[in-house]
Amino acid sequence: MAQEFVNSKIHPGKVVVFIKPTCPYCRRTQELLSQFTFKQGALEFVDITATCDTDEIQDYLQQLTGARTVPRVFIGKECIGGCTDLTSMYQRGELVTQLKQIGALQ
């Protein structure tokens, strides 16, 4: 169930962030990404606490990405890490480049 759920969310051309609404790092990630103008449907925040499989989802994210913490940020099919990784990419100017490469921006 958790594996199917996660895999169904991750798509090329889309940014998907697995979050918990109470997490300050998740909120920071949402604030950073909200600065960009995404094409409709190209950005999705997935609240893993809205399911009854939160632990299983985090276990699968660990298998998939090497970490079970949230946020887990996927740009296209690639997990770039969490909030710190996203912020670093943004500061280095790499985030916009990757978002354009997958065609997520308007």
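Every read-out reported here was derived from the displayed coordinates using simple, explicitly stated rules and does not represent laboratory data. This is a predicted model, so every value here is computed, not measured. Virtual Cβ from ideal backbone geometry, glycine too; neighbours counted across all protein chains shown.
Residue by residue, the range 22-29 carries 3J(HN,Hα) couplings of 7, 7, x, 5, 5, 5, 5, 4 Hz when phi is fed to the Karplus relation 6.51 cos²θ - 1.76 cosθ + 1.60 (θ = phi - 60°); x denotes Gly or Pro.
For ALA50 and GLN106, the difference between the fully extended length at 0.36 nm per residue and the C-alpha to C-alpha distance is 17.2 nm. Full extension of the chain segment joining ARG92 with SER8 gains 27.2 nm, where the gain is 0.36 nm per residue of separation less the Cα-Cα distance.
If R0 is 22 Å, the Cβ-Cβ spacing of LEU32 and MET1 corresponds to a FRET efficiency of close to 0.15. Every Cα-Cα pair in the range 2-101 was counted, and those over 24 Å apart are 14% of them. Cross-link partners of LYS14 among aspartates and glutamates, defined as those whose alpha carbon lies under 15 angstrom from its own and excluding same-chain residues fewer than eight positions apart: GLU44, GLU78. Bridge orientation summary for the range 2-101: considering DSSP beta bridges with both residues in this region, about 60 percent are antiparallel.
Restricting the range 76-106 to trypsin sites (Lys or Arg not before Pro) that sit in a DSSP loop and have at most 13 other Cβ atoms within 10 Å of their own Cβ leaves LYS77.
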